[in-house]
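All remarks here apply to the structure that follows.
The values are calculated or read from the model by the stated rules, or taken from the named source; none is laboratory data. The structure displayed is predicted, hence computed values, not measured ones. So basically every Cβ, Gly included, is an ideal-geometry build from the backbone, and we count neighbours across all protein chains shown. These accessible areas exclude ligands, DNA and RNA; they are computed on the full protein's heavy atoms, side chains included. Shrake-Rupley method; radii C 1.70, N 1.55, O 1.52, S 1.80 Å.
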Amino acid sequence: QMGLAMQYEERVQLAESLFDLALAFSPDYAEALGGRAFIRVAEGKNAEAIKGFEAAISRNPDLREAYAGLGNALAQTGNATQALETYRTLVALCPDDPDPIFNLAQLLNNSGDFEASVAAYERYINLKPDDPLGYLRIAFPLEDMGNLQRAAEAYEFVLRLEPNHINALANLGHVFEQMNLFDSAMEAYSRALNLNPGFTQALGGRARILG
């Protein structure tokens, strides 16, 4: 593991040297500015990374990777509003790329804009209908909005794709519990516990129902 870490560190140092060399010849080389900013992110220097991504975007407003890096760095530093705007710009640049749409949906959910989050997750699901993660995540804002039936349907769809998805089973049990469908909740919790007898969320749900 130490050897792998050293190899990784050496590759990062080589990459930064190459970026520096490229920028020495062309100070406005957007890809090199963005690449160096990603290194700052890996080092935990998000403030420097943000400046680097912004510099890259100013040189090349169509550099999608820089928007993605900037959005993530802004989100990590608590700049939620700016992160949202950055991802909205990125989604406009690449409307058929599911990854920025997914990240936008997460940011919208975290900001409490549940309706917009659901709309973004629906867009993601249309692009990746066989990805259980989209159905799993859309259930969160649906549940927060009180749309328990649709949340349950989303978790059930996860289980059609991955029958042993333990988090979907436990979350489905919780939704059924809120809907007072206690037999269905117990079935979901029991299925989760068959997969992992110590799964805390399912144990807690079953204990609440049994009283």
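Going by average Cβ density within 10 Å per residue, which order do the peptides 161-168, 11-18 take, highest to lowest?
Numbers: 161-168: 16.6, 11-18: 12.2.
The peptides rank, most packed first, as 161-168, 11-18.
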So what's the angle, to the nearest 10 degrees on a 0 to 90 scale, between helix 98-110 and the longest Cα principal axis of the chain? 70 degrees
With a 1.4 Å probe and all protein chains kept in place, how much accessible area does ARG137 have, in Å² rounded to the nearest 10? 60 Å²
Work out, step by step, the length gained on full extension between SER17 and THR77: first 0.36 nm times the residue separation, then minus their alpha carbon distance; give nm to one decimal. 18.9 nm
Which value, in debye to the nearest 20, describes the size of the charge dipole of the stretch 71-211 about its Cα centre when Lys and Arg Cβ atoms bear +1, Asp and Glu Cβ atoms bear -1, and nothing else is charged? 320 debye
Relative to the compact-globule estimate 2.2 N^0.38 Å (N residues), the Cα gyration radius of the stretch 72-129 stands at a ratio of 1.03
Dipole-positive endmost among ASN171, VAL158, GLY146 within the stretch 113-184 (Cβ charges, Cα centre): VAL158
Excluding MET145 itself, what net charge comes from residues whose Cβ is under 15 Å from its Cβ, given Lys and Arg +1 and Asp and Glu -1? -4
With everything on Cα atoms, drop me the angle between helix 132-144 and the longest principal axis of the chain, reported from 0 to 90° to the nearest 10. 70 degrees
Out of residues 5 or more away from LEU63 or on other chains, whose amide H comes under 5 Å of its own, with H placed 1.01 Å from N in the peptide plane? none
Against the longest alpha carbon principal axis of the chain, how many degrees, from 0 to 90 and to the nearest 10, is the axis of helix 80-93 turned? 80 degrees
For the stretch 9-74 and the stretch 93-112, compute the distance between their C-alpha centroids and round to whole Å. 22 Å
As a test question: what accessible area, to the nearest 10 Å², does MET145 have when a 1.4 Å probe is rolled over all protein chains in place? 90 Å²
How high is the relative contact order of the stretch 91-211, given as a whole-number percent (alpha carbon pairs under 8 Å, six or more residues apart)? 15 percent
Calculated Kirkwood radius over Cα pairs in Å (choose from (1) 18.9; (2) 20.1; (3) 19.6), label: (3)
